[in-house]
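The values are calculated or read from the model by the stated rules, or taken from the named source; none is laboratory data. From a predicted model like this one, the values you see are computed outputs, not experimental measurements. Positions of Cβ are generated from backbone atoms using ideal geometry, with glycine treated the same way; all protein chains shown enter the neighbour counts.
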Amino acid sequence: MEIGWKKGTGVGILLVFLTALVSGVSTFVNFWAAAGSNTDAFITVRNGLVALLLVPIVLLARQDVRTRLRRVDWARLATIGLVGGAIPFLLFFRGIQMSRDAAGLAGAATATFGYRTLFLMATALAVVYLKEKVSWRIAVAAGALLGGNVLLLSFSAPVWTDGTMYVLAATALWAGEYALSKRALRDLPGSTVALGRMGFGAVYLAGYVALTSQMGAVAALSGEQYRWMAVSAILLLAFVTTWYHGLKHVDLSVATAALVLGFPITLGLEALAGRTSLGIGSAVGAAAIVFGVALAVGLVAIRDTFASTVRLILVGVRSARHR
């Protein structure tokens, strides 16, 4: 049985696939971007920049998608900002840095396995909190996705370091935030939820940095670090923009399964950069992930989504030629 084809589902699936692509590139870039910097200061400035970039996107939205916020909406967005836009960023980057210090780049890459369990945590919350119905396909897909990610692990580094717990805690918070956001998206546009997450999150992060006497670290960020930050910020902007607009139309369990495609993308980029080597295990792991995502989303849904995308592109090309 395939996903119910509701209005906007095709666009939603396409957007979460784009999010997975952005996520794969972001993970690769962020290993370098935050290296050698105070991660708390780096995250605070970068996330604040993303929030500022989201403001015109919300203001320029069509009148018919703008929504007057109620008190309950403000409370939801403030919670989403804390649970998804502040605390987990601090935990995740701190965990990656700790794992990198303990076991090098391989250790940091292995620590991200905790983040790869996001779809399991999110699916559990989707069933309990959002009352989503999970078919047998999702259960089989979960096994394929988890097995594929195990095969992508670097066993040359310790599987567990002190930083792994930080990454797992961040992942649990992001899973909770995605469930809260999916509920909020029933009433609010994706751009509003994205700005709420990043805007409130940036305020919380700034407060944390100030209270922990790290403002000097913000001032000490170098020009090189700001250049990396700009790249990271653009990728994060693309992530939240595509993710929340896509999540509005796609079940949380399916959307987070699609996100797993980001991990083989990261692995491929690391191989191209000479940071890792690919073997039979990696190839089998990547294939298992692609199979799991296809099973979770549904082959008919994927076919119809990309067929519609090709048609839209062709219509756009023809329109451009006639101008």
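Inspect segment 63-77 for any residue being at pLDDT below 95 and aromatic (F, W, Y) and give the result as yes or no.
So far as segment 63-77 goes, no, none of its residues is at pLDDT below 95 and aromatic (F, W, Y).
Table: residues versus (1) without any contact (Cβ under 8 Å) to a residue 60 or more places away in the chain; (2) more than 21 Å from L173 (Cβ to Cβ); (3) touching a Phe, Trp or Tyr at 6+ places or on another chain (Cβ under 7 Å).
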| position | (1), (2), (3) |
| --- | --- |
| A34 | no, no, yes |
| I43 | no, no, yes |
| R70 | yes, yes, no |
| A75 | yes, no, no |
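Here's a check for you: in segment 212-228, which residue that is exposed (fewer than 15 other Cβ atoms within 10 Å of the Cβ) and of a type in the set (A, V, I, L, M, F, W, C) is nearest to S37 (Cα to Cα)?
A220
Being out of contact with any strand residue (DSSP E or B) (no Cβ under 6 Å at 6 or more places or on another chain), surrounded by fewer than 23 Cβ atoms within 10 Å (Cβ to Cβ) and at pLDDT 90 or above is the requirement here; does L53 meet it?
Yes; evaluated as a whole, the condition is true for this residue.
Mind checking which pairs have a first residue in segment 216-245 that is farther than 20 Å from M198 by Cα and a second that is in a loop (DSSP other than H, G, I, E, B), Cβ under 7 Å, 6 or more apart or different chains?
Final answer for the pair search is A217/N38; L221/S37; Q225/S37.
If you go through segment 165-224, how many residues are of a type in the set (F, W, Y) and under 14 Å from the mean Cα position of the chain (by Cα)?
Matching residues across segment 165-224 total 2.
Out of all the residues in segment 35-45, which are assigned to a loop (DSSP other than H, G, I, E, B) and out of contact with any Lys or Arg (no Cβ under 9 Å at 6 or more places or on another chain)?
Correct list: G36, S37, N38.
Contact list please: Cβ distance under 9 Å, first residue in segment 144-155 and under 18 Å from A271 (Cβ atoms), second residue modelled with pLDDT of 85 or more and part of a loop (DSSP other than H, G, I, E, B), pairs at least six apart or on different chains.
From segment 144-155, the pairs are G148/V260; N149/V260.
Might you check whether a residue that is surrounded by 21 or more Cβ atoms within 10 Å (Cβ to Cβ), within 25 Å of A255 (Cα to Cα) and out of contact with any strand residue (DSSP E or B) (no Cβ under 9 Å at 6 or more places or on another chain) occurs anywhere in segment 69-79?
Among the residues of segment 69-79, at least one is surrounded by 21 or more Cβ atoms within 10 Å (Cβ to Cβ), within 25 Å of A255 (Cα to Cα) and out of contact with any strand residue (DSSP E or B) (no Cβ under 9 Å at 6 or more places or on another chain), which makes the answer yes.
Residues are listed down the side, and each one gets a yes or a no for (1) modelled with pLDDT of 95 or more; (2) buried (at least 21 other Cβ atoms within 10 Å of the Cβ):
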position	(1), (2)
S135	no, no
I138	no, yes
D162	no, no
K182	yes, yes
L185	yes, no
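List every residue pair whose Cβ atoms sit under 6 Å apart, with the two residues 6 or more apart in sequence or on different chains, where the first one lies in segment 268-279 and is touching a residue at least 12 places away in the same chain (Cβ under 8 Å) and the second, anywhere, is assigned to a loop (DSSP other than H, G, I, E, B).
E270/T276
State yes or no: is V240 surrounded by 23 or more Cβ atoms within 10 Å (Cβ to Cβ), over 26 Å from G48 (Cα atoms) and not basic (K, R)?
no
Matching residues to (1) of a type outside the set (A, V, I, L, M, F, W, C); (2) over 30 Å from V45 (Cα atoms):
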{"site": "K248", "(1), (2)": "yes, no"}
{"site": "V254", "(1), (2)": "no, yes"}
{"site": "V260", "(1), (2)": "no, no"}
{"site": "L269", "(1), (2)": "no, no"}
{"site": "T276", "(1), (2)": "yes, yes"}
{"site": "F306", "(1), (2)": "no, yes"}
{"site": "L314", "(1), (2)": "no, yes"}
{"site": "R321", "(1), (2)": "yes, yes"}
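Kindly indicate whether any position in segment 259-267 is surrounded by fewer than 17 Cβ atoms within 10 Å (Cβ to Cβ), farther than 25 Å from L53 by Cβ and touching a Leu at 6+ places or on another chain (Cβ under 6 Å).
No, segment 259-267 has no match at all.
Quick check on segment 46-56. Is at least one of its residues in contact with a Pro (Cβ under 9 Å, 6 or more places away or on another chain), part of a helix (DSSP H, G or I) and aliphatic (A, V, I, L, M)?
For segment 46-56, residues in contact with a Pro (Cβ under 9 Å, 6 or more places away or on another chain), part of a helix (DSSP H, G or I) and aliphatic (A, V, I, L, M): absent.
Mind telling me which of the residues V254, V250, V209 ends up being modelled with pLDDT of 95 or more and crowded, with 20+ Cβ neighbours inside 10 Å? Please lay out each step first, then the result.
Values: V254 fails: modelled with pLDDT of 95 or more; V250 fails: modelled with pLDDT of 95 or more.
Answer to the check: V209.
Select from segment 113-149 the residues that are among the polar types (S, T, N, Q) and outside any helix (DSSP H, G or I) and list them in ascending order. If you could, list the steps in order and put the result at the bottom.
Step one: filter segment 113-149 for residues among the polar types (S, T, N, Q), giving 117, 123, 135, 149.
Hit for segment 113-149 is S135, nothing else.
In segment 292-316, how many are surrounded by fewer than 13 Cβ atoms within 10 Å (Cβ to Cβ) and modelled with pLDDT of 75 or more?
Selection size over segment 292-316: 3.
Of (1) among the β-branched types (V, I, T); (2) surrounded by fewer than 16 Cβ atoms within 10 Å (Cβ to Cβ); (3) in contact with a Pro (Cβ under 8 Å, 6 or more places away or on another chain), I289 satisfies all except one. Which?
Here I289 clears every test but (2).
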